[in-house]
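Okay, structure first, notes after.
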Amino acid sequence: MGGSVDAFDASYSPSETGALYGPVIARAVPVDSLAARSVQHRGRTPEASGGRMSRRQCRLCLAFAGCLFMLVFAAFLLAIPQSDASADRPDQVPQSVSAQWTQAIRVFQSAVLEPAGSGIALHGDTAVTSRDGAVYIFERNHGGTDNWGLARVITSTGADRWQCPEMPLALNSEWLVVGCPETYLFSRHLGGPGAWGLAKKLGSASRALDIADDRIVAGGFPTVTVFLRDLGGVNNWGVEQELVAGEAGAQWFNSFGSAVSIEDDVIAVGAPTWPDLGYPGWVGGYGCVYVFRRDPAAGRWLQVEQVVPDDWAFGFGGSLELSQGRLLATSGPTYGDCAAVPYLFGRNEGGADRWGGLGAMGGSAAKVVGNYVALDGDLAAIGDVCDAQFGYPRAGAAHILLQVASPGWTEVAKLVPTAPITRGSRSWADGVAVDGRTIALHAGAIFEVRGTEVLSLEAESGTVVAPMAIGFDQEASGGRYVYAPVGTTSGRVDLEFRVDTAGEYEVWGRAFGIEGIGDSFWFAIDGGTECVWELPWHGWEIVPVVDRDANRSAKRWNLGQGQHVLHVRMRESGAKLDWLEVRRVRPSSAVPVAAGPTPTPVGTLPSPGCGVPQPLLPVGGSLFYCEDPVRLEWSGDCSEYKVQFLFSGAAERSIGWTGSKEVILPAGGIGWASWRIKGRNQVGQETAWSTPSIYRVGDNPLNLRVVGASCDQITLAWDPPCSCYADWYTVYSGTQSIASTHDHVPVKTVGGLSPETEYSFAVRACYRRGYSSDLSRPISATTTAAYLYQEAESGVVQAPMVAEADATASGGRCIRSAAANSGSVTIQVCLMDAGTYDLWGRVAAPGYGGDSFWVSVDGSAEALWEIPVGDWKWAQVSHQGVKRTYQLDPGSHYINVRAREAGARLDAMQLVKSGSPLATPTATPQASATASATRTPTLSPSWTPTETAPPTASATATRSVTPTPTASPSATVTRSATPTPSATPEPTASATATATPTPPGDLLVTGQVYDAVSGPLVGVAGAEVSVSLCMPRRFSTLADDDGNYELILPAIYLNQCSSVTLEAVADGYRPVSFVVLVADLRAQSRRDLALVPLPTPTPSRTATWTPQPRRCFLPMLLR
């Protein structure tokens, strides 16, 4: 890739990324002699005079005068010019303590694609650029390992010749889409391997493009077109739908389609000049993003949301991208300004199909600005076209951010050009693309994000040869830097360092150039050939050492094991240097030992020796859950091994020596981690360190579990993440968010599910500070079968209606109205299919005056249900003699039967589709000649129907009751009946006696509510403690003055639940709530509850919210 091209770099600010890897550069700050003199002066004490004041008064006055003098003297020192401040310095400063190699995440430039200029696309090992009417396709490893070689050029001729200043591009593994002058589709292997033949012209020109596996989205004017791959034939790419803005006529005014992105069933469309429709014909500068979701049932893309940032940014929506259920969007350069802030939004944040804001990129304290965005998982690139470099106000820069558990999105590099821009008014950051850990910029630069070893050297710690001098600047690390005084033409600084692993290295530096007159140094290593290193002009920037007269890319040196010297020689006066960083690009066994000082012996292994061990991928992958230990493995043939690893923000640690080839690190660390190993033979001779390997430990919620299930709902519970704090939680099914708790309680019931269907769930913790945790470990859960039949006593009974034993009732129990117009029972059923249903009940009435109920379904109008007088009969629900039908959807429904007349009894309820015969179940027998077996209520009773004619007033039936075994884990009840043409249906039963287990009795729950900060000695008086059951029922009590409480849970309700929710609330404290299994609660009924005090608000002019520190003291809530 020859020719004159621009070069770029990945600059890095330790202060901004300390949360990721801690301080990477350790700097010793020598004491300033001027400051030392001022300290000595501060110690002088003038003598008291005249005896008019006491000795104590004199000392006070003199102290005050001394402080005043020091303030004046400090101001005088600050006013001294830098050249003057360094004038009394020695010509040479001895080198400080030798620096240490550390591990860090860095961004390396892999290639400069040429030509480039008006478009960029990236996917896997393929990158595509466009310029001057041609498309250039580059492949990784084409022409050499890791080399991005030009593999194909696509041009046009004749009347169709491309003459487009802008050529939108979209790329995946099989297809390339080019958007100008028409929208063209190319296939990778059409015409031969890698031939990229023209497959189809899709239509007119596109302003923006994106491609998924089976769909292409093309932003045109005034609509956006969606193409479906096999619509109209295999690979035909037919038009599936034209998308338009939701407001009538709005697409004509709002640049609808200026940016597009597609992921799964979601399409985002940017409209950077969304009009204020209250003023017809006026086009406003505020922008928005339209979000469309495909409705499988309707087979259409439907607009579900209109996304705008909180600050209503001008030109918002000019650039955007969807990734993993999140939307990153910003203001484009055409409509936006130089303060455009990218914002992140999350799917289903705030409700179904809502795209709530997750905050500005970089956090509210240090927002990153930029007009182009790219996002892939946890890596984002922000292109800022307004960043000034080399005297050009729109040279551009790219901010590279990683999402970490804390503090969220962290900027790990700022990429700036390393030479003056030569392409007119275009910024080299006029477009960004991200795929995996690879980044591509508009101007053709390719970067890789990876871990490496770095060595940082303060410039002033080297040997400074006059007239090169040391200056002072608060913005410099350690407050000092090396510079070339104005008017001088010589001087240098030499910095020695040691390399333990031979390989290929780059050198980066934080430097400051003066425009046109002081913007370069001469640079060399070990006395080799010098190159011209040009410096940025606008403030301190981190740039690589490049050879201005070569290819403008980062220069690389092959360095052998041993001592080396960096030489920075004055070329232009005024140039400043803060520090240098040596970065290892890759190891190499073919690099000779460096010339110069004799290296310290490190134990060269005799032949046969053992080689450098190689890290294997961490067992379990590169991402670990924070509750799990991490097992690291490696390969090698040495006798023993030593492991060195580094967690985010922690000191480097070592483990070994060990004869094993694996080590297990305990759970507890969160964030990025890097590790490496080295070996030694039997006589103690050591190998070099291996190449660092990187993994990440997520900050995810713990112990996700299922605590309840029905035919259309699953209740999930979990524990807070390792960071011990969250504001709310979002539940995911696969990669799509489906529900949110909207508070910190770690329990959620997910509804709208299908019966007998398996689902996968995971949970993410969310924070008001604008970021979210990793997903929890996923679990699978299956909904129960649908059931239309339910025993009355299995419902929720409200006194004075009672559940009582009855040997003639199915299950041996029934419900009875103990008083007129008082008491009820609520019975849950679950349907598989929607339809019109009849409701039947097995009832008995002692006589007239005790033969009716009030009945409603899902809160509908009550029916006055008059039941037949006599023993048990099946009767259809009616209202004053008119039969009722119910139009019901699939899922759970609730039948409420309310007492009307005392004495009426209810055995069971059943829904039957209108026009279908009644299915009369057969119960397991009870220990009585006429009794049905005791039926143990389950969450999902299954039943086997035997069809009979619907009962009428003259019909009779006899019923034979026999046990029916089933392999289902739920109780299966089978009923059979034989109709006869006379009398009302009246079953008689013959049965074999079976034992009925005695259910557990009422439960007394006790414990103490106490202050989590002060401990159990400080109880929380008056706290409300409550237990919510699996049905609509809740029991509560108040704690006494010492925080103690007692709460009785009736067995008739508790025995119907597999889990309950225990909650405590009190004024001035955060409420606490968690799910407890009933079996665990019966085993340990004492439950102490710790409440965390709310923070005391600080009065301010503007209301703010300050979260509690993520490190918190919470005793075990379940002792």
Tabulated pairs, segment 667-695, first farther than 10 Å from GLU640 by Cα and of a type in the set (S, T, N, Q), second modelled with pLDDT of 85 or more and in a loop (DSSP other than H, G, I, E, B), C-beta under 8 angstrom, 6+ apart or interchain
THR687/CYS638
Scanning segment 614-636 for residues that are within 22 Å of ARG680 (Cβ to Cβ) and assigned to a loop (DSSP other than H, G, I, E, B), the one modelled with the lowest pLDDT turns out to be LEU616
Here is a check on your reading of the model: is ARG900 farther than 30 Å from SER754 by Cβ, touching a Phe, Trp or Tyr at 6+ places or on another chain (Cβ under 6 Å) and among the basic types (Lys, Arg)?
yes
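Okay, residues lined up against (1) crowded, with 17+ Cβ neighbours inside 10 Å; (2) in the same structural domain as ARG207 (by TED's automatic domain parsing); (3) modelled with pLDDT of 90 or more; (4) over 18 Å from the mean Cα position of the chain (by Cα):
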{"position": "TRP282", "(1), (2), (3), (4)": "no, yes, no, yes"}
{"position": "ARG294", "(1), (2), (3), (4)": "yes, yes, yes, yes"}
{"position": "GLY336", "(1), (2), (3), (4)": "yes, yes, no, yes"}
{"position": "MET361", "(1), (2), (3), (4)": "yes, yes, no, no"}
I'd like the full set of residues that are surrounded by 23 or more Cβ atoms within 10 Å (Cβ to Cβ) and in a strand (DSSP E or B), limited to segment 443-453.
ALA445, PHE447, GLU453
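Per-residue answers, yes or no, for (1) assigned by TED's automatic domain parsing to the domain that holds GLY841; (2) under 13 Å from ASP838 (Cα atoms); (3) modelled with pLDDT under 90:
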position: SER878; (1), (2), (3): yes, yes, no
position: LYS883; (1), (2), (3): yes, yes, no
position: ALA908; (1), (2), (3): yes, no, no
position: LEU911; (1), (2), (3): yes, yes, no
position: GLN926; (1), (2), (3): yes, no, yes
position: THR946; (1), (2), (3): yes, no, yes
Counted residues in segment 179-231 being assigned to a strand (DSSP E or B) and touching a residue at least 12 places away in the same chain (Cβ under 8 Å) come to 27
Cross-chain or 6+ apart pairs with Cβ under 6 Å, segment 859-872 first and free of Cβ contacts under 8 Å to residues at least 24 places away in the same chain and small (Gly, Ala, Ser), then in a strand (DSSP E or B) and surrounded by 19 or more Cβ atoms within 10 Å (Cβ to Cβ):
ALA863/VAL855
Considering every residue within segment 246-258, establish whether at least one is assigned by TED's automatic domain parsing to the domain that holds GLY431, part of a helix (DSSP H, G or I), surrounded by 15 or more Cβ atoms within 10 Å (Cβ to Cβ) and among the small types (Gly, Ala, Ser).
yes
Among the residues of segment 311-329, is there at least one that is more than 18 Å from the chain's Cα centre (by Cα), at pLDDT below 80 and either within 22 Å of THR735 (Cβ to Cβ) or not in a loop (DSSP other than H, G, I, E, B) (or both)?
yes
Within segment 492-578, strands (runs of 3 or more DSSP E) holding 1 or more residues that are under 24 Å from GLN103 (Cα atoms), among the hydroxyl-bearing types (Ser, Thr, Tyr) and within 38 Å of the chain's Cα centre (by Cα):
503-512
On the given criteria, is VAL465 of a type in the set (Val, Ile, Thr), in contact with a strand residue (DSSP E or B) (Cβ under 9 Å, 6 or more places away or on another chain) and crowded, with 24+ Cβ neighbours inside 10 Å?
no
Of all residues being assigned to a loop (DSSP other than H, G, I, E, B) and over 18 Å from LEU441 (Cβ atoms) in segment 148-166, which is modelled with the highest pLDDT? Just the residue, please.
THR155
If ALA805 passes every condition in (1) in contact with a strand residue (DSSP E or B) (Cβ under 8 Å, 6 or more places away or on another chain); (2) touching a residue at least 12 places away in the same chain (Cβ under 8 Å); (3) hydrophobic (A, V, I, L, M, F, W, C) but one, which one does it miss?
(2)
Going by the structure shown, is GLU901 surrounded by fewer than 23 Cβ atoms within 10 Å (Cβ to Cβ), in contact with a strand residue (DSSP E or B) (Cβ under 7 Å, 6 or more places away or on another chain), of a type in the set (Asp, Glu) and within 19 Å of VAL797 (Cα to Cα)?
yes
So, in segment 477-497, exactly how many residues are out of contact with any helix residue (DSSP H, G or I) (no Cβ under 9 Å at 6 or more places or on another chain) and hydrophobic (A, V, I, L, M, F, W, C)?
2
Within segment 848-874, residues being buried (at least 18 other Cβ atoms within 10 Å of the Cβ) and closer than 19 Å to LEU788 by Cα number 5
The residue that is nearest to TYR1069 (Cα to Cα), considering only those in segment 705-764 that are of a type in the set (D, E, K, R) and under 17 Å from the mean Cα position of the chain (by Cα), is ASP727
Here is a check on your reading of the model: is SER639 among the hydroxyl-bearing types (Ser, Thr, Tyr), surrounded by 13 or more Cβ atoms within 10 Å (Cβ to Cβ), in contact with a Gly (Cβ under 8 Å, 6 or more places away or on another chain) and at pLDDT 85 or above?
yes
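The values are calculated or read from the model by the stated rules, or taken from the named source; none is laboratory data. What you see is a predicted model; the values in this text were computed from it and never measured. Positions of Cβ are generated from backbone atoms using ideal geometry, with glycine treated the same way; all protein chains shown enter the neighbour counts.
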